[in-house]
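Novice: Please see the structure below; I have some questions.
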Amino acid sequence: MMRKLRFLLPLLGILTALGIATVQAATSATQNVTFSVPAAVSISSNGNVSAGAITADTTATGSFTLSNNDTLGFAITTNAASATTTEAGTGCTPTNSFPAASIQFQAGTMTGQTSGSNGTSTALTNYSTTAQSAYGTNSTAIGTAITMPVSYRIKASLITPNTSNCSYTFATVWTISAN
Amino acid sequence: MTLRRSVGGLAVAGLLTLLPLAAGTMPAHASIGLLVAPARIDLAERPSDSTITRQLSVANRGSGRDTFSISAVDVVVHDGIPESLPPSSTPYSLSTITSIRPSTLTLDPGKEGTVKVAFDVSAHKPVLGALLVVPQQQAAADTAPSGNGSVGMITLPRALVIVSAAPVEASGELLPSISLGVAPVTLNAPTLVESGPITATATLRNSGNTYERVFSTYEFSNLGHVWLRVQAPPSSAMPRGSATTAATTRQRLEASGQSVDTAPWLCLCEVKVSTYAWLANRATTPPVVQTATVIIFPWRIAGIMLVAFAISILYRRWFWRRGWHGLYRRP
């Protein structure tokens, strides 16, 4: 009798487990959730930069907020909107201008990323109307609020002083593109 | 000429002196920004395709309502860096085959809009270009310097969505007329360094006949033991153009966000770079392999230790020669 029980009890247990699994299977349903996550990049200027009235070479700083969700990274380029910047202002009779190369840019070390690598910063580079890479090697930083500091070196000695009521506004273009 | 320059310089200096002193730089707070998705579009033109459509999402990441213009531009790539050109500038022009509807989006802050982009691929030829998304510059008026003799910068952020396409057969293979290929040019890595990090830069040439993306994997090993494998940020190149990829042993820790150098302090290292070209979901096989040997040897510390060892040997000899060792003999 005991030998029969020793054989039957495990068998009964297995059958019970199978039964529970079958009941559970019968009362569950499959629901697949299909979605896609496209690679996305963003760039936001954190405001324009006013260097004020300058009498010597001056460094002005600004920043951008970037976001990226792709491990392949992104490139940042910058260029001057025009080859020559002419003074302007209310009551200004523009006569002076300066070439884009009178201003230099340098992108700093990114902060705020959750993973990935920073781009390699380059030395101060003269602006031109041709897009130039802001980093020596592109960044693979991933995050929703990556801060990219930038410095503008204004070479006052290369800029003609303004006429009355005039000031200079140097327009820069910053472009983000996925690798 | 020298006199004129001197007089001009003096005049500039004098007038600049008259200008009020700068009170420090002051960033303004108006913000312009945008997000684009997808960030990149790679297409395979199948024989049955005459038009391929995609959607492009644009979100306003600025602080004010803004209008975004979306246009198709041509692109040329210099060492992985795209430069946008006016429409119809290249023989593989994207702008001539692209229609975008609508071509402008006006969005409140944080809002997102979508445009439909249609590519006429009936010619079944390689195409390269980009969708350029430009916000209307609206913050300039209230942040540009308004006083006398001041300088300010206005920044216009914009996004470039690279679009590449190549014709493929029904099986998905590239047409025989399209060839991909990369040829090794150089692998720059230091031969002997005292310590890490090691930075390696591989330069390759596009030996194919079309634009291609270039992907490199860097393997750092010590006496055959691989201790770091890194996927470098991809680059891209035009035919006969060069592409450069780079990787370093300095890696960022996911947990703390700090960077650490993974290079060992003593190493007979080999840097192995495996690179393949990619276009329209097809990659070149086998990858092109470049190798370089790097020795990490802390020669300054080793030198100090060697000198210290030599001094101790000399001292022992001198000590024993003077016979002072007898003083320490046990009775």
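The values are calculated or read from the model by the stated rules, or taken from the named source; none is laboratory data. This one's a predicted model, so the numbers in the text were calculated from it and none came from an experiment. Neighbour counts are summed over all protein chains in view; Cβ atoms, including those assigned to glycine, are modelled from backbone coordinates with ideal geometry. Ligands, DNA and RNA are stripped out before the accessible areas are found, and what is left, the full protein with its side chains, is counted by its heavy atoms. Shrake-Rupley method; radii C 1.70, N 1.55, O 1.52, S 1.80 Å.
Novice: Residue A:66 passes all but one of (1) at pLDDT below 90; (2) hydrophobic (A, V, I, L, M, F, W, C); (3) under 27 Å from residue B:56 (Cβ atoms); which number fails?
Specialist: (1)
Novice: Within 9 Å of another protein chain (Cβ to nearest Cβ) and either at pLDDT 85 or above or not in a strand (DSSP E or B) (or both), is that true of residue A:7?
Specialist: no
Novice: Going by the conditions given, is residue A:125 loosely packed, with under 15 Cβ neighbours inside 10 Å and under 21 Å from residue B:156 (Cβ atoms)?
Specialist: No.
Novice: How about the range B:67-84: which of its residues are surrounded by fewer than 18 Cβ atoms within 10 Å (Cβ to Cβ), farther than 22 Å from residue B:35 by Cα and touching a strand residue (DSSP E or B) at 6+ places or on another chain (Cβ under 7 Å)?
Specialist: Answer for the range B:67-84, where residues must be surrounded by fewer than 18 Cβ atoms within 10 Å (Cβ to Cβ), farther than 22 Å from residue B:35 by Cα and touching a strand residue (DSSP E or B) at 6+ places or on another chain (Cβ under 7 Å): B:76, B:79.
Novice: Follow-up question, since we're still on this one. Take the residues of the range A:163-177 that are within 7 Å of chain B (Cβ to nearest Cβ) and open to solvent by 30 Å² or more (accessible area, probe 1.4 Å): which is nearest to residue B:34 (Cα to Cα)?
Specialist: A:169
Novice: So, residue A:141, is that one touching a residue at least 60 places away in the same chain (Cβ under 8 Å), facing chain B (nearest Cβ under 7 Å) and among the hydrophobic types (A, V, I, L, M, F, W, C) or not?
Specialist: no
Novice: Here's a follow-up. Residues of the range B:85-140 being β-branched (Val, Ile, Thr), closer than 21 Å to residue B:47 by Cα and open to solvent by less than 60 Å² (accessible area, probe 1.4 Å), which ones?
Specialist: Matches in the range B:85-140: B:97, B:98, B:117, B:121, B:127.
Novice: In the set A:77, A:93, A:85, which member is at the interface with chain B (Cβ under 8 Å from one of its Cβ atoms) and among the β-branched types (Val, Ile, Thr)?
Specialist: Among A:77, A:93, A:85, only A:77 is at the interface with chain B (Cβ under 8 Å from one of its Cβ atoms) and among the β-branched types (Val, Ile, Thr).
Novice: Can you pull out the residues in the range A:45-60 that are under 21 Å from residue B:34 (Cα atoms) and open to solvent by 10 Å² or more (accessible area, probe 1.4 Å)?
Specialist: A:46 - this is the single residue of the range A:45-60 that is under 21 Å from residue B:34 (Cα atoms) and open to solvent by 10 Å² or more (accessible area, probe 1.4 Å).
Novice: Being surrounded by 10 or more Cβ atoms within 10 Å (Cβ to Cβ) and modelled with pLDDT of 85 or more is the filter; apply it to the range A:23-39 and report the residue that is nearest to residue A:70 (Cα to Cα).
Specialist: A:39
Novice: Among residues belonging to the range A:54-74 that are in a loop (DSSP other than H, G, I, E, B) and more than 7 Å from every other protein chain (Cβ to nearest Cβ), point out the one that is nearest to residue A:41 (Cα to Cα).
Specialist: That would be A:69.
Novice: If you don't mind, another one. How do the strands (runs of 3 or more DSSP E) wholly within the range B:41-116 filter down when requiring 3 or more residues that are in contact (Cβ under 8 Å) with a residue 60 or more places away in the chain and more than 24 Å from the chain's Cα centre (by Cα): which remain?
Specialist: B:51-60, B:66-78
Novice: Could you say whether any residue in the range B:233-243 is without any contact (Cβ under 8 Å) to a residue 24 or more places away in the chain, within 14 Å of chain A (Cβ to nearest Cβ), closer than 14 Å to residue B:80 by Cβ and open to solvent by less than 50 Å² (accessible area, probe 1.4 Å)?
Specialist: Yes, the range B:233-243 contains a residue that is without any contact (Cβ under 8 Å) to a residue 24 or more places away in the chain, within 14 Å of chain A (Cβ to nearest Cβ), closer than 14 Å to residue B:80 by Cβ and open to solvent by less than 50 Å² (accessible area, probe 1.4 Å).
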